[in-house]
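The values are calculated or read from the model by the stated rules, or taken from the named source; none is laboratory data. Computed from a prediction, not measured in an experiment: that's the story for all the values here. Positions of Cβ are backbone-derived with ideal geometry, glycine not excepted, and every protein chain shown enters the neighbour counts.
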Amino acid sequence: MKWNKSMLRSLINSLFAFLLTLLSVTLILCAGFSVGLFSNKSIIKAINQSNYYNNVYQELSSHMEDVVTAAGLPSSVLTDVITLERVYIGGKNYVDSALRGEEAVIKTDKLQEQLMNNINLYVQNEDIIQSEDLNSGITKVISVVEAEYKDAIQLQFVNDIVEYRLQYHHLIRILVPIVIVLIGILCYFLLRMQKYIHKGVRYIVYALMASSLMTMIVSFYLVITKPYAGMNVLPDYYKKFISAYLHWDLMIFIYIGGIGLTISIALISLISYLKNGIKNN
């Protein structure tokens with residue numbers, strides 16, 4: 001009978017420790033998503049790491065040259081029109097506005113003005129006769145360049161993340177308090193069910209260590225295998241940004257898992273201290 005009670009108690013302790021591990025993983029995921037996936041700093045860091053604006057500028061410049069030459073204009077009409085500074089400022093303002101939850105407005109008045117002046121100067125230098133068809137063609141070229149510029153500057157991914165983040169915040173306001181309360185209840189029972197407090201702490205440590213190791217191992221595996229590298233995303237600079245963004249988010253989980261592991265080691269030292277105290281008594 002005594003053996004059955006002891007075994008039943010061990011099973012209950014193991015079950016509570018297992019549930020505590022799952023709840024700890026849930027809490028780690030919530031923390032990781034908050035400081036990683038849905039963090040403004042993570043998005044901006046990924047943009048900088050992927051050299052996003054420079055890549056946008058290079059691809060946009062190349063594409064715009066094709067547009068104007070197809071319209072019978074020299075690439076020189078793009079001088080001071082598509083610049084790295086303009087792409088950087090325009091892109092940064094768009095992302096900052098989107099992250100604040102505001103409607104991002106891309107200003108193109110100076111771009112249009114510069115392009116129009118360059119084209120008019122070319123027409124004058126080449127003594128090209130003004131006509132209705134010519135003016136219509138110039139207007140069309142300017143409209144295409146403006147539209148392509150806006151499309152390249154817009155980072156729709158950020159808008160999507162902001163929308164998902166609002167839903168996520170509504171979820172964790174309910175989920176996190178529930179998880180914390182359940183963790184507290186399980187820890188209470190694990191401590192109360194033991195004759196010596198250090199035995200209850202041991203189960204808590206096992207749960208924390210298991211959840212931390214699981215988080216680190218899975219994150220390390222994804223960082224090494226890079227499944228996101230095979231994404232079919234165009235253009236290429238967009239793919240580079242998303243890859244950098246996901247890579248950094250996984251690193252966040254590794255850091256959080258490392259913190260949990262460090263706490264586990266500290267608690268193991270505490271257990272050793274409590275055991276020694278019991279022996280001395």
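Here residue 102 does not fit the description of being of a type in the set (Asp, Glu) and at pLDDT 90 or above. Within segment 3-17, is there a residue that is surrounded by 19 or more Cβ atoms within 10 Å (Cβ to Cβ), in contact (Cβ under 8 Å) with a residue 60 or more places away in the chain and not polar (S, T, N, Q)? Checked against the condition, which is being surrounded by 19 or more Cβ atoms within 10 Å (Cβ to Cβ), in contact (Cβ under 8 Å) with a residue 60 or more places away in the chain and not polar (S, T, N, Q), segment 3-17 yields at least one hit.
The lone criterion from (1) closer than 29 Å to residue 101 by Cβ; (2) in contact (Cβ under 8 Å) with a residue 40 or more places away in the chain; (3) not charged (D, E, K, R) left unmet by residue 204 is number (1). Residue 157 satisfies every condition listed in (1) farther than 26 Å from residue 79 by Cβ; (2) at pLDDT 90 or above except (2). Within segment 93-149, restricting attention to residues that are among the charged types (D, E, K, R) and surrounded by 15 or more Cβ atoms within 10 Å (Cβ to Cβ), the residue that is nearest to residue 46 (Cα to Cα) is 148. Among the residues of segment 231-260, those that are farther than 17 Å from residue 208 by Cα, among the β-branched types (Val, Ile, Thr) and part of a helix (DSSP H, G or I) comprise 242, 252. Return yes or no: is residue 226 farther than 24 Å from residue 29 by Cβ, at pLDDT below 90 and of a type in the set (Lys, Arg)? The answer is no for residue 226. Residues in segment 95-136 that are over 30 Å from residue 241 (Cβ atoms) and in contact with a Gly (Cβ under 8 Å, 6 or more places away or on another chain): there are none. One residue stands out in segment 239-281 among those that are of a type in the set (Ser, Thr, Tyr) and at pLDDT 85 or above: the one that is nearest to residue 194 (Cα to Cα), namely 264. Inside segment 220-245, residues that are within 19 Å of residue 157 (Cβ to Cβ) and either touching a residue at least 60 places away in the same chain (Cβ under 8 Å) or hydroxyl-bearing (Ser, Thr, Tyr) (or both) make up a count of 11. Answer yes or no as to whether residue 226 is closer than 26 Å to residue 40 by Cβ, crowded, with 16+ Cβ neighbours inside 10 Å and either among the charged types (D, E, K, R) or touching a helix residue (DSSP H, G or I) at 6+ places or on another chain (Cβ under 9 Å) (or both). Against the criterion (closer than 26 Å to residue 40 by Cβ, crowded, with 16+ Cβ neighbours inside 10 Å and either among the charged types (D, E, K, R) or touching a helix residue (DSSP H, G or I) at 6+ places or on another chain (Cβ under 9 Å) (or both)), residue 226 does not qualify.
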